[in-house]
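Notes follow the structure.
The values are calculated or read from the model by the stated rules, or taken from the named source; none is laboratory data. Quick caveat, the model's predicted, so the values are computed rather than measured. Cβ atoms come from the backbone with ideal geometry, glycine included; neighbour counts cover every protein chain shown.
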Amino acid sequence: MNDQINVAIIDDGVNEKLYNTGVLKYNIEITRNLMIRERKKYDKYRSSHGTTCAAIIKKYLPYSVLSSIKILNDKCEGSVEQLSLALKLCADKEINLINLSLGSTYFDDFEILKESLEYCYKKGVIIVAAISNENTYTYPASLTNIIGVKCDKKGRIKEGKYIYIENSLDGVNIISSGSHNIKNFKGINGITNNCNSFVVPFIISEVYNMMKENIHYDLNSVKKYLKQKSSNNLLEEIDIVFKENYVSSDFQKYLRLKNNLDIPIILVNNFENSSKYNFLYELVKCFKNDKYNCVGININSNRQINIFQNNVINNYNGNIDKNLFNTIYYIYDPDIFIININNDTRYMHKIRKILEVDINILINTNVNNYSSNIVFQGEKYENIINIREKRNHKIYENVNVFVNENKYIFGLYDYLKEVLH
């Protein structure tokens, strides 16, 4: 039995009298200039987002002790630097469980949050975080070392139930209801809005109960517990539920209207299958280092998809079709796609039919000479960069460069930038 579980809410502050949520263990405010101070002289009856989260936690965990780290102002505005400091502060204060209803959809903010997230992970802090209300890729909710959540916008999952997703394009693990019946200090009942952020405190209560019964736990054991306790086996036609919950009604309209993706698309046809991730990973990293939001998509013959962004890999299994790429485009908001096909001509031809590919990169020892118009297996390819593998070296002949394995990517990247601009 573990009776020392500390829960912190990083938000716009908890006003403890409104829902009688009890005395706060820590009541801290981090100012815009990153000054840490005790929160004083505030209206303890005022409604706020963090206060509602506290009320939901107390509904399911009436005897829990909460802490509040206020980083948002009255307009719910804050900085990623405040969030980063709040995460480190929680770890230093020996907080076990963090309720996080906020994050960033800007890909460059990952570097600011990376150190503090790794610090929390190494300290054993479990973070439950909501994805953005637009259901786009969100830091930190979409990351693998976080329990990411969102709501069932269709309202079919009842209060107190949830479904668990093993692999998703947006990195989310949990879909549940954001609607909860809570009572204020006057005894008046109210129902919270069904939004992503109000799923977090309910899942906090589920994780809390697991931690209470297990002195030794880590993120993997927590996720395993959530999966076992989920309502997946109680729902009929679960695949349909996943599909319809994954794509909101607004996004369905987007899918119908979007014909062509208005970003550069590079298709890598890797027939050597050597270092299958390395080529894609290194090329994505080159674009990222120049502040491009580049998303790499690796497709294997078993329909397993690996998505690379900001040194993070998300895995997914599903159909390779136009909707898949439109969905990835919507979630990640990329500046450029690099799609890598490993030794499978079926997907190579299919992708060229459903997407307008700007540059084809062919990695194949059987094609020895570069040509601007190559006919491969009966299909004419244009804008070809032919990379011929030779022992531990590579040649991309149209650039007329022959360099060692560690450096050829940079020359190729420089050439790609020239072509794409």
Matching residues in region 179-201 - criterion: being in contact with a helix residue (DSSP H, G or I) (Cβ under 6 Å, 6 or more places away or on another chain) and of a type in the set (Val, Ile, Thr): Ile182, Thr192
Failed item in (1) touching a strand residue (DSSP E or B) at 6+ places or on another chain (Cβ under 8 Å); (2) closer than 27 Å to Tyr292 by Cα; (3) free of Cβ contacts under 8 Å to residues at least 60 places away in the same chain; (4) not β-branched (Val, Ile, Thr), with Ser84 passing the rest: (1)
Close pairs (8 angstrom Cβ cut-off, 6 or more residues apart or separate chains): farther than 13 Å from Phe287 by Cα and assigned to a helix (DSSP H, G or I) in region 397-421, at pLDDT below 80 and among the small types (Gly, Ala, Ser) anywhere: Asn398/Ser372; Val399/Gly411
Restricting region 62-92 to residues that are more than 21 Å from Ser48 (Cα to Cα) and charged (D, E, K, R), the residue that is surrounded by the fewest Cβ atoms within 10 Å (Cβ to Cβ): Asp92
Those residues of region 332-366 which are modelled with pLDDT under 90 and part of a helix (DSSP H, G or I), in sequence order: Thr345, Arg346, Tyr347, Met348, His349, Lys350, Ile351, Arg352, Lys353, Ile354
Residue within region 277-298 that is over 23 Å from Glu111 (Cβ atoms), of a type in the set (Ser, Thr, Tyr) and modelled with pLDDT under 90 present: no
Looking only at region 132-179, and only at residues there that are among the hydrophobic types (A, V, I, L, M, F, W, C) and closer than 17 Å to Thr192 by Cβ, the one that is surrounded by the most Cβ atoms within 10 Å (Cβ to Cβ): Val149
Test: Asn20 is in contact with a Phe, Trp or Tyr (Cβ under 6 Å, 6 or more places away or on another chain), at pLDDT 95 or above and either outside any strand (DSSP E or B) or in the same structural domain as Gly190 (by TED's automatic domain parsing) (or both): yes
Test: residue in region 50-61 that is over 26 Å from Gly124 (Cα atoms) and of a type in the set (A, V, I, L, M, F, W, C): no
Subset of region 43-53 that is in contact (Cβ under 8 Å) with a residue 60 or more places away in the chain and either under 17 Å from Ser179 (Cβ atoms) or charged (D, E, K, R) (or both) - its residue that is surrounded by the most Cβ atoms within 10 Å (Cβ to Cβ): Cys53
Filter pass, Ala8 being under 25 Å from the mean Cα position of the chain (by Cα), closer than 19 Å to His180 by Cα and either assigned by TED's automatic domain parsing to the domain that holds Asn133 or in contact (Cβ under 8 Å) with a residue 24 or more places away in the chain (or both): no
Within region 24-125, helices (runs of 4 or more DSSP H) holding 1 or more residues that are among the aliphatic types (A, V, I, L, M) and under 17 Å from the mean Cα position of the chain (by Cα): 80-92, 110-122
